[in-house]
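Written below as structure tokens is the structure these notes are about.
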């Protein structure tokens, strides 16, 4: 019997904005995990990423999703909790294995939970045009009846968005999402019906190299000192946030400060290396073993006093 569910539904997306209060919005945690659609066909299930990748085999501990009522399609996040806090680093380590002893070891060491925050189909019928408040009632019923420890409802509050965001920051969680209670689910659309609010860190970074496009900077190779005794370390590239004016200024400075070798060991073959003297202020989500997550250029600082 063919599945009553579509092969894929593009997930709804959020815009970025500041925290606010509103009785017309639900405020919930922005879970620091991997977005996943759960297609529950009655005895079987499929997990699909927002880019349509099949995630099913990577997470055998979520096989119970096949026992949800046939024709259920959920939108949610694959999350690994470390000391009660979602860990993006931990869940990303689960994306690398699909079978064998390594997968079994990772499943035991870093089991995932499926945190559901929306329902798109119920009993094989689309419910995406229903307002969020109705979809949330359906979702709470589905999760409650399943009674599975690795299936959770993404809880939230109505009204007190500012206080909720302060609590999110205190717990070092990635951020929150504000969703209109009367809003429909809009597949693949990015509108202000969903607004994500993130706490970003800032840092002063030394520009050690520049990737040029003509005479202008396209991206910057940067290093910073986190003050933990490790000293100055490369943290990757930043290009997001660069204005045309800054790109031209940095390109001009780079030509004046050119050096043959990088100040720190680096493998950026397409970068032009420069002497110390140029800094920039950046924002980022978190420091990882590979550098900075989602860095954004804020401003150029020449001859900064550290």
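What follows is calculated from the coordinates using simple rules that are stated; it is not laboratory data. Because the structure is predicted, anything quoted here is derived from the model rather than measured. Cβ: placed from backbone, ideal geometry, glycine included. Neighbour counts: every protein chain shown.
Observations, loosely collected:
- Label-reachable residues, segment 166-201, where backbone N falls under 14 Å from a point 7 Å from residue 133's Cα toward its Cβ: 179-184
- For segment 1-129, the percent of C-alpha pairs falling in each 10 Å distance bin, counted from 0 to the bin holding the largest distance, reads 12, 40, 33, 14, 2.
- P(r) of the chain over all Cα-Cα pairs, binned every 20 Å from zero, in whole percent: 29, 49, 22, 1
- Semi-axes of the equivalent ellipsoid for segment 7-61, Cα gyration tensor, largest first, Å: 29, 12, 12
- Spread over its residues, the convex hull of the C-alpha atoms of segment 193-250 is 118 Å³ per residue.
- Relative contact order, whole percent, for segment 201-302 stands at 33, derived from Cα pairs under 8 Å and 6 or more residues apart.
- Highest GNM mean-square fluctuation among 74, 234, 132, for the chain modelled with Cα contacts below 10 Å: 234.
- Whole-Å semi-axes of the ellipsoid equivalent to segment 153-204 (Cα gyration tensor, √5λ, descending): 23, 15, 9
- In units of the rule-of-thumb radius 2.2 N^0.38 Å, segment 201-302 shows an alpha carbon radius of gyration of 0.97.
- As a rough footprinting exposure proxy, the listed residues 194, 273 were ranked by other beta carbons within 10 Å of their own, and the order from fewest upward is 273, 194.
- Computed over segment 48-155: relative contact order in percent, which uses C-alpha pairs under 8 Å that are six or more apart: 30 percent
- DSSP-defined antiparallel bridges as percent of all bridges, the chain, nearest 5: 90 percent
- Across the chain, the mean sequence separation of Cα contacts (distance under 8 Å, 6 or more residues apart), normalised by length, yields a relative contact order of 18 percent.
- Within a Gaussian network of the chain (alpha carbon springs, distance under 10 Å), most fluctuating of 245, 58, 46: 245
- Each of 92, 176, 138 has some number of other Cβ atoms within 10 Å of its Cβ, and from fewest to most they run 92, 138, 176.
- Structure remark: mean-square fluctuation, Gaussian network model of the chain, C-alpha springs under 10 Å; the largest value among 188, 100, 209 belongs to 100.
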